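Engineer: Pasting in a structure now, in C-alpha cells, and then I'll have a few things to ask.
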Amino acid sequence: MFKIKRKADKPKRTVLYNIVEDYSEFDAPGNVTVCAMTEAEDLPAHAKILSESYDVPLETMTILLTEGGTYVYPEVGGVLTRGLFACWIDPSARAPKQTWTLDLMQFAEVEQMVRTRARSLLDAALEVFRKTLPTELKAKLEEKNLGLDYRTLDRAVAKGGDIKYIDFRKDWSPHFKRLCIMPDGRLVETGGVQDFAGLHGITEAQAKMLIEQGGTLEVNGELLACQIVNGQPAVARFSAKNYAKAKELVSSKGLHLMDALSEVGYADSAMMRGLARKTLSTRP
C-alpha cells in the first residue's frame, strides 16, 4: 500500500491585535496607532515581536510584559540617541496592560519630573505619554474597553472579552495594517515591509527606504509616492498618466514633484474616492 504524505500545514502567523484605531495623523508625539487585543496574551510571541520592533533584549521585554516597568536605551558613543520603552500594568487590574515608547525630548521631561517631583520613572513616563495623546483618545482610555460597543464588533473579537493589552505603536508592523491608495482608487491594506514590497513589485530594501524616508519611486511606468506626516508614512500609487501630468506641472509651474502629485491626485475623482474612504476607515 502507498502511504499518502500529508502536506505539512504552514505555520499560522501570530495574531497580536484584533482592534486597531489609527491616530497617526494627530500632532506628534501623540500620533500613535492603538493596537489592542481581546484574546488572551501569547506572552512569548508578544515579547518576541516587541523585542524585535523596539530593539529591547527579549529577556528584558518578557520581564517588562510580566511585571511592568521601563527600559532606557543605552548610550551610543556616550550619547543618548533614543528615549525609553515602557510597559504599564494597572495595579487595580481595571485597565488593560499598555506599552509605548518615548522620544528623547519626552524622556528629558520624564527625567526632570523624576528629579523635581520625586516620581517613579514609570509614573512619570505614563504622565508624559498620556498628556500628548489626542483628546478623544484620552477620553476613551478612561472608559472600559476604550468605550467600544461590543454589540457592533465582529463576533470573533467580542467573544474574547475585555481588552487584555494595548500597544501604542508608531512603526510599520506586520501585525497591523496600513492603507495605500491605488491608481484606480482602491484602498489596499499592507502590513509589514515584506507585504508592501510584494504588493508593488519592489525589493524590501526599496520599500524600507521609501517608508522610512519618504519620497518617490518609479515602478513599471507608474509612480509610488510616500509622504511622512507626523512621522507616519502616507502612501499612494499614481498611474503613468497621472505621473505624466505631475511632471508637466513640475515643468510648467515649477512645483515640487510631491506638490504636483497632490494637485493631480485631488483632481482625480477615483483617487479622491479612495482618500475619502481612507478618512472614514481611520475614524475610531
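The values are calculated or read from the model by the stated rules, or taken from the named source; none is laboratory data. Since this is a predicted model, take the numbers as computed values, not measurements. So basically every Cβ, Gly included, is an ideal-geometry build from the backbone, and we count neighbours across all protein chains shown. We work out accessible area using only protein heavy atoms, side chains counted, and drop any ligands, DNA or RNA first. Shrake-Rupley method; radii C 1.70, N 1.55, O 1.52, S 1.80 Å.
Engineer: Could you provide, to the nearest whole Å², the per residue accessible area of the chain with probe 1.4 Å?
Structural biologist: Accessible surface, normalised per residue, equals 57 Å².
Engineer: Tell me the carbon and sulfur percent of the accessible area for the range 178-275, rounded to whole percent, probe radius 1.4 Å.
Structural biologist: Carbon and sulfur together cover 51 percent of it.
Engineer: Do the alpha carbons of any pairs in Lys140/Lys170; Lys208/Lys247; Lys170/Lys208; Lys164/Lys208; Lys97/Lys159 sit beyond 22 Å of each other, and which pairs?
Structural biologist: Pairs exceeding 22 Å: Lys208/Lys247; Lys164/Lys208.
Engineer: While we're here: Suppose each label sits 7 Å from its Cα in the direction of the beta carbon; what would the Ala93-Thr203 distance come out to in nanometres?
Structural biologist: Each label point is offset 7 Å from its Cα along the Cβ direction, giving 5.2 nm.
Engineer: Take each of the peptides 241-251, 32-42, average the number of other beta-carbon atoms within 10 Å over its residues, and list them starting from the highest.
Structural biologist: 32-42, 241-251
Engineer: By how many nm would the segment from Glu263 to Glu189 grow when fully extended, if each residue of separation counts as 0.36 nm and the alpha-carbon distance is taken off?
Structural biologist: 24.3 nm
Engineer: While we're here: State, to one decimal in nm, how far the label point of Val114 lies from the label point of Gln227, with both points 7 Å from Cα in the Cβ direction.
Structural biologist: Computed distance between label sites Val114 and Gln227 equals 3.9 nm.
Engineer: Specify the inter-centroid distance of the range 197-247 and the range 86-155, based on alpha-carbon positions, in whole Å.
Structural biologist: Each part's Cα centre sits 34 Å from the other's.
Engineer: When only Cα pairs under 8 Å and 6 or more residues apart are kept, what is the percent relative contact order across the chain?
Structural biologist: Rounded, it is 17 percent for the chain.
Engineer: Related question: Give the average over all directions of the projected area of the C-alpha convex hull of the chain, one decimal, in nm².
Structural biologist: 21.9
Engineer: With the contact rule set at Cα under 8 Å and sequence spacing of 6 or more, what percent relative contact order holds for the range 70-193?
Structural biologist: About 18 percent, as a whole number.
Engineer: Another question, if that's okay. Just want to confirm a number: the relative contact order over the range 178-275, from Cα pairs under 8 angstrom separated by 6+ residues, in percent.
Structural biologist: 28
Engineer: What three numbers, in Å, describe the spread of the alpha carbons of the range 178-275 along their principal axes, ordered from the longest?
Structural biologist: 37, 29, 25
Engineer: Which net charge results for the neighbourhood of Ser252, defined as the other residues with beta-carbon distances under 14 angstrom from its beta-carbon, given Lys and Arg at +1 and Asp and Glu at -1?
Structural biologist: 0
Engineer: Based on DSSP H runs of at least 4 residues, each adding -39500 (n - 2.57), what is the mean residue ellipticity at 222 nm of the chain after dividing by all its residues, to the nearest 500 deg cm²/dmol?
Structural biologist: After summing the helix terms and dividing by the residues of the chain, the value is -12000 deg cm²/dmol.
Engineer: Which value does Rg/Rh take for the range 19-170 over its C-alpha atoms, Rh per Kirkwood?
Structural biologist: That ratio is 0.97, to two decimals.
Engineer: What do you reckon, how do Arg115, Arg94 stack up by accessible area (1.4 Å probe), largest on top?
Structural biologist: Arg94, Arg115
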